[in-house]
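Read-outs: derived from the displayed coordinates by stated rules, not from any lab. All values reported here derive from a predicted model rather than from experimental measurement. Backbone-built Cβ (ideal geometry, glycine too); neighbour counts: all protein chains shown.
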Amino acid sequence: MHKRALVLFSGGQDSTTCLAWALDRYEHVETIGFDYGQRHAVELECRQVILKRLRADFPQWAPKLGDDHLLDLKQLGQISATALTDERAIAFEKNGLPNTFVPGRNLLFFTYAAAVAYRRGLQVLVGGMCETDYSGYPDCRDDTLKALQVTLSLGLDARLVIETPLMWLDKTQTWRLAEDLGGTCLVSLVQQETHTCYQGDRTTRHQWGFGCGVCPACELRKNGYQRYAV
Ligand code: ZN
């Protein structure tokens, strides 16, 4: 019934795996990314490389992969002061959330994505949110996104589905899902071209990809890969 999807695609491991999941499942898939004044533009650069390689290396998916949309959301930097957008160290706030948290970021992303999806005739929004080994972001929770699905469907007067294929997977299972979807070719694409590191490190190469190796995002990616590789 639902054949056309829009994937929230940041250029990271999770959203790249979600993009492959959507390409495997739907007839037509478009991507959307957000430029919100990230401290490191490296993620946004990775997006284009990943899309290019998906088109070149996966002939079964290439015809389904449609337009990429990049939205300018720089005003997010004005309403948040976090380690992702400012030059400051990553630490945990008193409420237990890391200061990488942009309050309500995913609510905004999905709302913008829904507006684009409506105009483009896309019925499914796909996001890489995950409750299993996340950093406690309340806007990544399943309940939040279920409620948002209802809100967006009512507000647009059109049935919109939010799919989060990684919601109950840990990072090890996310690596495994990439292999299930696209074999070792997709696993090496994820290793080489996706970016997760909060510090924006694209010079230090590890088996699990580029990154500083010590920030929380690198830690998760590294530990997940090591368990997957065994
Ligand atoms: Zn890192």
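Roughly how big is the chain's charge dipole about its Cα centre, with Cβ charges of +1 (Lys, Arg) and -1 (Asp, Glu), in debye to the nearest 20? Computed about the Cα centre, the dipole is about 200 debye. Can you tally the net charge around Leu65? Count Lys and Arg as +1, Asp and Glu as -1, for every other residue whose Cβ sits under 10 Å from the Cβ of Leu65. Overall, the nearby charge balance is -1. From least to most packed, judged by other beta carbons within 10 angstrom and beginning with the fewest, Lys3, Lys171 follow the order Lys3, Lys171.
The residues Met167, Met129, Met1, when put in order of fewest to most other Cβ atoms within 10 Å, stand as Met1, Met167, Met129.
What FRET efficiency do you get for Ala147 and Asn223 if R0 is 35 Å and r is their Cβ-Cβ distance, rounded to the nearest 0.05? Before the final figure, lay out each step's value.
Numbers: r = 31 Å, r/R0 = 0.88.
With a Förster radius of 35 Å, E is 0.70.
Of the residues Gly182, Gly77, Gly121, the one that moves most in a GNM of the chain with alpha-carbon contacts below 10 Å is Gly121.
With springs only between Cα atoms under 10 Å apart, run a GNM on the chain and tell me which of Arg47, Arg205, Arg119 wobbles the most. Most flexible of the set in this elastic network: Arg119.
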